[in-house]
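Report on the structure given below.
Nothing in this text is a laboratory measurement; each read-out follows from the coordinates by a stated rule. Predicted model, so just to flag it, every value in this text is computed and none were measured. Neighbour counts are summed over all protein chains in view; Cβ atoms, including those assigned to glycine, are modelled from backbone coordinates with ideal geometry.
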Amino acid sequence: MKRWAIFAVSFLLVLAVGCSNENEQSLDESALSFEGSVSEPATLDVSDLHDLLASVDLFAADLTYFCEGTEETFPANNAIRAKSYLEELGAFTWESYQPPAELDDLEDYRYQLTIPGATLTAFQSGYADARPLHVETEEGEGWFVLPVATEPTEQYSWMLYDTFGRWYGEAQAASLYSGKGSPLTKEELDWFEGYTESTWTHYDETWGGFVSGATPISCFFTSRYSDPRDMAVGEFLYYCPDQGVLEAGDEEEFGIVQEKLDWRIGEDNHLATIDEMPVPCHRLSRSYINEILTKYAGITVEEMHTDWLKEAFYIPETDCFYTFSSDFGPGMFIPCYGEKNGDIVTLWEAPNTESGVSDMLVLQKSGENWHILSHCPATIL
């Protein structure tokens, strides 16, 4: 009887251990199966991206720029036009993208928008000219690109990175330079961006293509000054929109110019004719330059702190300045942040990616015009 009891107890112990091992094995297999499913995140599609962009909380969003191992972050909502950039992203025509195993220089330059529960990373380069957007959320991840499209509006792959770049530049400028003035509204910043536009472009039906040129205000961005009467005349005039290029029929005027210019060519070192000039000769009358100076700064050539008539290539007989250039490089100023204080408006560019310095433009309302008071390197307040 005692032996039977011992045997029964032993049998129950073995049975219990066996059941325990089966349960443990079953739990282990379930755990492994569960872990395996978690390690493979769901793939986000275009509709998921649109839903995400539509639900972004800008007040909790940050923008980071990664550049060759360095990074800098600013609140995304600091940009005056933050909402517009978000709407711009949502208006794009998106396409899902399957990236190759390796993307060209993917980690070198990128912008990342971080919001609660998600990140959106735009890369400067990718593969086969694709500029991808990588989206990661708590539910999954996805890759997207902008396919080339003409309807409803034109779009190209580079526009994605460009949109993030402009947004970041405005957030950066606002974070660094905001002061005691009242920030401009989106509409006001849009207006001043148009006012300071350095180039114009229109479609020329004669030859069936777009043509562009410099605007008069671009001349004011070719040098830095705390008083516009200290502007450098050479830089101001060099890419100034001309009033005509000397050509056939202007030989008499060009002869007067050559008396001072003395531009010689050839083995015999003769004076170049209009047709032989290696670069165009642009005509800028003094009255025309005074019109530009008066409109944008309320000053004239005669009020400059240096003698422009002596410092520049000026011909008294024609009362014109002349410049010689064949390339195109007008002064640029792209406002990224602005404040108003009474009738004074101060605009800032985003810091230069190489020098870290940005320019500051100060204007004052004068009747129907805005006069430039200064164009100087910005200082962080």
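Provide the packing ranking of 324-336, 125-137, 73-85, 200-212, i.e. peptides ordered by the mean count of other C-beta atoms within 10 Å per residue, highest first.
Details: 324-336: 16.4, 125-137: 18.3, 73-85: 20.0, 200-212: 8.5.
Highest-to-lowest ranking by the protection proxy: 73-85, 125-137, 324-336, 200-212.
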Counted charge near N77, where neighbours are those whose Cβ lies closer than 11 Å (Asp, Glu -1; Lys, Arg +1): -1
Lysine pair count for the chain [Cα-Cα under 22 Å; pairs on different chains or 8 or more apart]: 10
When the Cα atoms of the stretch 43-175 are enclosed in a convex hull and the volume is divided per residue, what value in Å³ results? 103
Once you have all Cα-Cα distances for the chain, histogram them in 20 Å bins from zero and send the whole-percent values. 21, 39, 24, 8, 4, 3, 1
Distance between modelled label sites at S374 and I265, nm, 7 Å Cα→Cβ extension: 4.6
Whole number please: convex hull volume per residue of the Cα set in the stretch 265-356, in Å³? 190
Expected sort for 56-62, 252-258 on mean C-beta neighbours within 10 Å, highest first, is 252-258, 56-62
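Could you give the alpha-carbon Rg of the stretch 197-324 over 2.2 N^0.38 Å, rounded to two decimals? Don't jump to the answer; show the numbers that get you there.
Values: Rg = 16.3 Å, N = 128, 2.2 N^0.38 = 13.9 Å.
Compared with the compact-globule rule of thumb, the stretch 197-324 sits at 1.17.
Could you tell me what percent of the DSSP beta bridges with both partners in the chain are antiparallel, to the nearest 5?
In the chain, approximately 95 percent of DSSP beta bridges are antiparallel ones.
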Sort 95-101, 187-193 by the packing proxy (mean of other Cβ within 10 Å over each peptide's residues), most packed first. 187-193, 95-101
Counting Lys +1, Arg +1, Asp -1, Glu -1, what net charge surrounds T93 among other residues with beta carbon under 11 Å of its beta carbon? -3
Relative contact order for the chain: what percent, with Cα pairs under 8 Å and sequence separation of 6 or more? 14
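Tell me the mean residue ellipticity at 222 nm calculated for the chain from its helices only (DSSP H runs of n ≥ 4, each -39500 (n - 2.57), averaged over every residue, nearest 500). Please report the intermediate quantities before stating the final value.
Details: 9 runs with 119 residues, N = 381.
The per-residue figure over the chain is -10000 deg cm²/dmol.
Under the Kirkwood approximation for Rh and a Cα-based Rg, what ratio Rg/Rh is obtained for the stretch 148-251?
On the way: Rg = 19.2 Å, Rh = 18.0 Å.
Across the stretch 148-251, the Cα-based Rg/Rh ratio is 1.06.
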Taking 41 Å as R0, compute the FRET efficiency from the Cβ-Cβ separation of T185 and S325 and round it to 0.05. 0.60
What are the DSSP H helices in the chain that stretch 30 Å or more along their long axis, judged by alpha-carbon atoms, and whose average Kyte-Doolittle hydropathy comes to at least 0.0? 2-38
